[in-house]
Amino acid sequence: MKSMSSRALLDNANLKYSRQREGLLDVLKEQKTPITIDQLDELVRAKKLSINLSTIYRILEAFLKHDMIEKTFNITMQSYVIELKHSHHRHYLICLDCQKMIPIQQCPMHDIVEHIEKEQNFHVSAHQLEIYGYCSDCIKNH
Ligand SMILES: [Zn+2]
Ligand SMILES: [Zn+2]
């Protein structure tokens, strides 16, 4: 799947273009796993984008409101992490040792959600699932 340009993403979300918004989207697009705001701030600095932290927060607020990013709480990091919304949402295996997040390809909740909707007559609009354990590298090193 070819990814949209940051400019097109802003257009799609009905958000006005700005260099700073585009810059943040560019950084988020490069990430394979969710990152904390601190990590985002570091990446922004490394790229010399000169967007200060309060502006980053303000832009992320707008991205959240326009459904462009997802924010979840990572228990091992004790911090919120963000990522761009994907057409297929992702779940992660989270290593308790190195805190690596490994995406799993399929949503294992799909059948369960269907079942719940039928059994409980409950409309499920969202769900979260994180699986904790130890990654292959960390198992090797123990
Ligand atoms: Zn690990
Ligand atoms: Zn799911």
**Prompt:** What shape does the chain take by its C-alpha gyration tensor, where a ≥ b ≥ c are the square roots of the eigenvalues and a/c under 1.5 counts as rounded, a/b above b/c as prolate, and the rest as oblate?
**Reply:** oblate
**Message:** Quick check: from the Cα gyration tensor, does the range 19-77 come out rounded (a/c under 1.5), prolate or oblate?
**Reply:** oblate
**Request:** Treat the count of other C-beta atoms within 10 Å as a stand-in for reagent exposure and order Phe63, Phe73 from fewest to most.
**Result:** Phe73, Phe63
**Request:** Go through the chain and flag any cysteine with no other cysteine's C-beta closer than 4.7 Å, please.
**Result:** Cys98, Cys107, Cys138
**Complete:** When the charge dipole of the range 1-87 is computed with +1 on Lys and Arg Cβ and -1 on Asp and Glu Cβ about the Cα centre, the Cα farthest towards its positive end, among Leu10, Thr33, Phe63, belongs to Leu10
**Request:** Treat every Asp and Glu Cβ in the chain as -1 and every Lys and Arg Cβ as +1, leave all other atoms uncharged, and give the resulting dipole magnitude about the Cα centre to the nearest 20 debye.
**Result:** 700
**Asked** Exactly which chymotrypsin sites (Phe, Trp or Tyr not before Pro) in the range 74-142 are in a DSSP loop and have at most 12 other Cβ atoms within 10 Å?
**Response** Phe122
**Item:** Under the Karplus curve 6.51 cos²θ - 1.76 cosθ + 1.60, θ = phi - 60°, whole-Hz ³J(HN,Hα) for the range 96-112, x wherever Gly or Pro sits
**Value:** 6, 8, 9, 6, 4, 10, 10, x, 9, 5, 10, 7, x, 8, 3, 5, 5
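Computed from the coordinates by the stated procedures, all read-outs in this text should not be read as laboratory data. Just so it is clear, the structure is predicted and the values come from calculations on it, not from any experiment. Backbone-built Cβ (ideal geometry, glycine too); neighbour counts: all protein chains shown.
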